[in-house]
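Okay, structure first, notes after.
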Amino acid sequence: MTDVALVGRAQRSWSARSLDERCREVRKVRDVFARYAQRIADVVVAETKKSPTDAWFADVVPNLDLFDYWTTDGAKFLAPEPAAISQLKFPKKKGAIHYEPVGIVGLITPWNYPAALVLRTLVPALVAGNAVLLKASEFTPETAKLIASIFAEVLPPALVTVVEGAGEAGEFVVDNSDHIVFIGSVATGRKVAVRAAQRLVSVSLELGGKDAAVVLADCDLDRTVAGVFWGAMSNSGQNCAAIERCYVERSLYSTFVARLAALAATTPVAPVATAAQDAVIRAHLEDAVARGATLHGSYPGPVILENVPEDALIATEETFGPVLPVWPVNSGFAGVETANKSQYGLGTSIWTSDIGRAEALAKIADCGVVTINNSACSGAMPFAPWSGRRHSGHGVTNSHLAMRELVRPKFVLTDRNTAPEVWWYPFDAESIELAQATVGWLVSGGLDKAKRTLGLLSSMKKRVASQVRWMDGNRQLPGG
C-alpha cells in the first residue's frame, strides 16, 4: 500500500520552495508532456476506445494552455492579499491574507477524460504546494501511470502518487488526504462526501450532468446543427457536459430534427468505453421506445429521438451515450425554464443570432456554465470556472475559484500601536459610554454625524483617561 508518510514528507519539502521555483519546475513538466503527446493520445485511445481526434483535442492539446496558465497568471492568485483595514477604526494596523497548501490532495477521477480531468486539478494543486494522491479509474490505469511518470521526470519522488484499484483504493485516498477532489457519479460522490465528513475533511464534487441545448429559430442553422450534434456525440456522449436534451423553437423544430437525423445516419462514433455504460444506454433507449419515442439512427451509432415523454429515463437521468432527445418548445424562455427542471445543473447552451436575447436567457439558466452558440468548450479554458448545481455537485475546477479550494487562508495582522485598545480592560462605565457613542456615530449622517463626532471624541478621551488610571494602578502591584 502507498506510504502516505513519504507523500507527506515530499509535500512539506515541496511547499517550502518558493512559488516562483514551483512554477518553474511545473513549467518543465509541460515540455515533457508535449514530448509524450503521441504516447498519451495512444494510451487514452487504447483504454477508452475513443477516437484519436477526441483524444488529441480533449486529453492532449488543451493541457498545454493549462500548464501555461497555472504557472503564470493563475499563480498570481496565491500572492498575499492586503486587507482593507480602516486606520480610523483600527489605528496602526495592517493585515494580509496568505494562502497555504492544504497538504495532500486526494484526486479521484473517471475514465472518460483520463488525462484532461486529472491535469485540471493536478497542475494547480502542485503549483499551490500540495502533493497529490491520484486514484484514477480502474479502467484507465495506464493513462494515470503515464501522467505520473511524466511529472516524475521533473518533480521530486512521491509528490504525485498513483493509488491503483477500485472502491478500496478510493476509500484509501479519502482516508489519507487533507482535501478531496472527486469527479464522477452522484451515487459515489455522496459516499465520498459522507466519508470525508466523518474526518472533517473538505471535498469538492464534480458530478453528473444532463445538459440542455436551447435552439432559437433565428440561429445560424448550419453552425448550430453541427455544434449541437458535436456536443451530443463527441466522445460518444461520454461527457458530463454532453448535450443530453435539446429544446428547439417550434417553427424550426422539424427542419432541425431532420438535419440532426441526417448527420446521425452518416457520422460514425466510437464504441462506449465499458460494458456497464453500454447497458445503461440500451436500458434508456428501450424505456423510451416502449413509451412511444421515435428513433432516427441505430445504437451503437448516433441516435436522435422524438416524442420522448418528459419523465422517461432518457429525459431525466444521465445517459452518457451517443443519444439525443429533441423536443419542440414555444419559445427560448420556455426552453430554458424546462431545462432548469432537471435534477442536474451543470451547463446549458443557447443558440441564436440575437446575443442580447441569449444573454437575457443566460441570466435565468439555473446552472454553473452557460455557453452561447457553443457547447462544453469552456471546460478546456483554465481561467473559466467549471461548476454545477444540485446533483451536479458543488465543487469548482478551473479558475482562481478552484485554486481557493486547494489552499487554506491564513490571516496575519501586524499592529504597531503602543496604546491599549479601547475594548481592553478596565471594563467600566467609560467603556460602555464609548461603545454606545460609537454605535450612535456609526449609524448617523449629515449634521447629526458632525454633532455625534464631538460626543465620540469626548467619550474617547474619558475612556483613554480611565485606561491610563488603570494601568498606573497596575504598575503599583507586585511585579508591576
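Since every read-out is calculated from the coordinates, none of them should be taken as a lab result. Computed from a prediction, not measured in an experiment: that's the story for all the values here. Note: ideal-geometry Cβ built from the backbone for every residue, glycine included; neighbour counts use all protein chains shown.
Applying the Karplus relation 6.51 cos²θ - 1.76 cosθ + 1.60 with θ = phi - 60° to the stretch 217-227 yields 3J(HN,Hα) values of 5, 8, 5, 6, 4, 4, 5, 5, 4, 5, x Hz, where x marks Gly and Pro.
DSSP finds beta bridges in the chain, and of those with both partners inside it, around 35 percent are antiparallel. Globularity index of the stretch 429-475 is 1.32 (Cα radius of gyration / 2.2 N^0.38 Å, N = number of residues). Taking amide H atoms as placed 1.01 Å from N in the peptide plane, the amide H of ILE243 lies under 5 Å from those of ALA232, each 5 or more residues away in sequence or on another chain.
Taking max minus min of the alpha-carbon positions on each principal axis, the stretch 158-245 gives extents of 53, 24, 21 Å, largest first. Counted residue by residue at 0.36 nm each, then reduced by the alpha carbon distance between them, the extension gain from GLU286 to ASN417 reaches 39.7 nm. A cut-off of 5 Å between modelled amide H atoms, ignoring neighbours fewer than 5 places along the same chain, links THR371 with THR348, SER349, ILE350.
The relative contact order of the chain comes to 16 percent, based on Cα pairs under 8 Å that sit 6 or more residues apart. Modelled spin-label separation between ASP222 and ASN374, with each label point placed 7 Å from Cα along the Cα-to-Cβ direction: 2.0 nm. Under the criterion of Cα pairs below 8 Å and six or more residues apart, the relative contact order for the stretch 320-413 equals 23 percent.
Packing, as the average of other Cβ atoms within 10 Å across residues, places the peptides 14-24, 170-180, 267-277, 86-96 in the order 170-180, 267-277, 14-24, 86-96, highest first. For VAL248, the residues 5 or more places off, or on other chains, whose built amide H falls under 5 Å of its own are VAL215, TRP327, VAL329. Sequence-ordered 3J(HN,Hα) estimates for the stretch 379-391 from the Karplus curve with 6.51, -1.76 and 1.60 and θ = phi - 60° stand at x, 8, 9, x, 8, 9, x, 10, 7, x, 10, 6, 6 Hz, glycine and proline given as x.
Per-residue ellipticity at 222 nm, computed for the chain from helices alone with -39500 (n - 2.57) per DSSP H run of at least four residues, works out to -14500 deg cm²/dmol. Over all projection directions, the Cα-based convex hull of the stretch 161-318 averages an area of 11.4 nm².
Dipole of the chain computed with +1 at Lys/Arg Cβ and -1 at Asp/Glu Cβ about the Cα centre; of ALA360, ILE104, PHE33, farthest Cα towards the positive end is ILE104. The phi-based Karplus calculation (6.51 cos²θ - 1.76 cosθ + 1.60; θ = phi - 60°) puts the 3J(HN,Hα) values of the stretch 142-157 at 5, 5, 4, 5, 5, 4, 4, 5, 5, 5, 5, 5, 10, 8, x, x Hz, whole numbers, x for Gly and Pro. Here is the P(r) of the chain: all C-alpha pair distances, binned every 10 Å from 0, give 4, 17, 23, 19, 14, 10, 7, 4, 1, 0 in whole percents.
Extent of the stretch 304-406 along its three principal axes (Cα atoms, max minus min coordinate, largest first): 45, 32, 22 Å. A protection proxy built from the mean count of other Cβ atoms within 10 Å ranks the segments 362-368, 40-46, 208-214, most packed first, as 208-214, 40-46, 362-368. Taken over the alpha carbons of the stretch 1-145 as equal point scatterers, the Debye sum produces base-10 log I(q)/I(0) values at 0.10, 0.11, 0.19 Å⁻¹ of -0.43, -0.51, -1.15.
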